[in-house]
Amino acid sequence: MSQSLNFTLPHKFNQQKKALSYLWSVPKLQQMNNVIPTRIYGFLKEYPPFSMLTKEELLELSENVIVKYVQPGSVIFKQDSPIEPYIYIVVNGAIHLVREEDDEAVLVDECDEGDVLGVGPLLAGISYGLTAKAQEETLLYALQIEGHPFLAALSADGLVFCQKFCLGHQKP
């Protein structure tokens, strides 16, 4: 007995269908039989540090992406919590990075399309220095990159940036 799963995207995503239409119109890659990784590849290749990867490396990463929809107010990761083996890329929506100090949330950064979250703590092997919270309906790609050659693609400058800002232990 087979069952069909039907669902409707939230109204906001339906309104943004035109803005996301490029995801659906990416030319089909001969190396990939699955349409979803092809769309993911087409998105990621436009944003650093993914744009620095070879086509083959990026295709491999694209095949292992988890697509996540998060509602406003959802926490992606929390300050001082143990790291997860994922980095997150904002496809659509907005994520606030906040530092929790004395029962107050201090906005450090707002992330939107193409921004990458969680790289610094993953590289350093430490807990998250900030809390990431969805401010609106958001679509994320979660990439499991721990131990992946992708990490070698990050330049020394990228690592310095992560140490000074992404870790969230120093104020910008």
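Of the set (1) under 15 Å from the mean Cα position of the chain (by Cα); (2) at pLDDT 95 or above, all apply to Asn64 but (2).
Sort through Tyr128, Tyr88 and tell me the only one that's of a type in the set (Phe, Trp, Tyr), more than 20 Å from Thr38 (Cα to Cα) and either touching a residue at least 40 places away in the same chain (Cβ under 8 Å) or out of contact with any Cys (no Cβ under 7 Å at 6 or more places or on another chain) (or both). Within the list Tyr128, Tyr88, the selection yields Tyr128.
Pairs please, first residue from the range 61-73 and on the phi > 0 side of the Ramachandran plot, second anywhere and small (Gly, Ala, Ser), Cβ atoms under 7 Å, 6+ apart in sequence or on different chains. Pairs that qualify, where the first residue is on the phi > 0 side of the Ramachandran plot and the partner is small (Gly, Ala, Ser), are Gly73/Ala134. Whether a residue is at pLDDT 95 or above, within 17 Å of the chain's Cα centre (by Cα), among the small types (Gly, Ala, Ser) and surrounded by 20 or more Cβ atoms within 10 Å (Cβ to Cβ) was assessed, and Ala94 does not pass this test. Being aliphatic (A, V, I, L, M), modelled with pLDDT of 95 or more, within 24 Å of Ile36 (Cα to Cα) and touching a helix residue (DSSP H, G or I) at 6+ places or on another chain (Cβ under 9 Å) is a description that applies to Leu139.
Answer with yes or no whether Ile36 is closer than 21 Å to Gly93 by Cα and surrounded by 15 or more Cβ atoms within 10 Å (Cβ to Cβ). When the stated conditions are applied, Ile36 does not pass them.
Could you list, in sequence order, the residues of the range 67-83 that are under 17 Å from Leu123 (Cβ atoms) and modelled with pLDDT of 90 or more? The answer is Phe77, Ser81, Pro82. Scanning the range 52-79 for residues that are surrounded by fewer than 13 Cβ atoms within 10 Å (Cβ to Cβ) and part of a helix (DSSP H, G or I) yields Lys55, Glu56.
The values are calculated or read from the model by the stated rules, or taken from the named source; none is laboratory data. Since we're looking at a predicted model, the values are computed, not measured. Backbone-built Cβ (ideal geometry, glycine too); neighbour counts: all protein chains shown.
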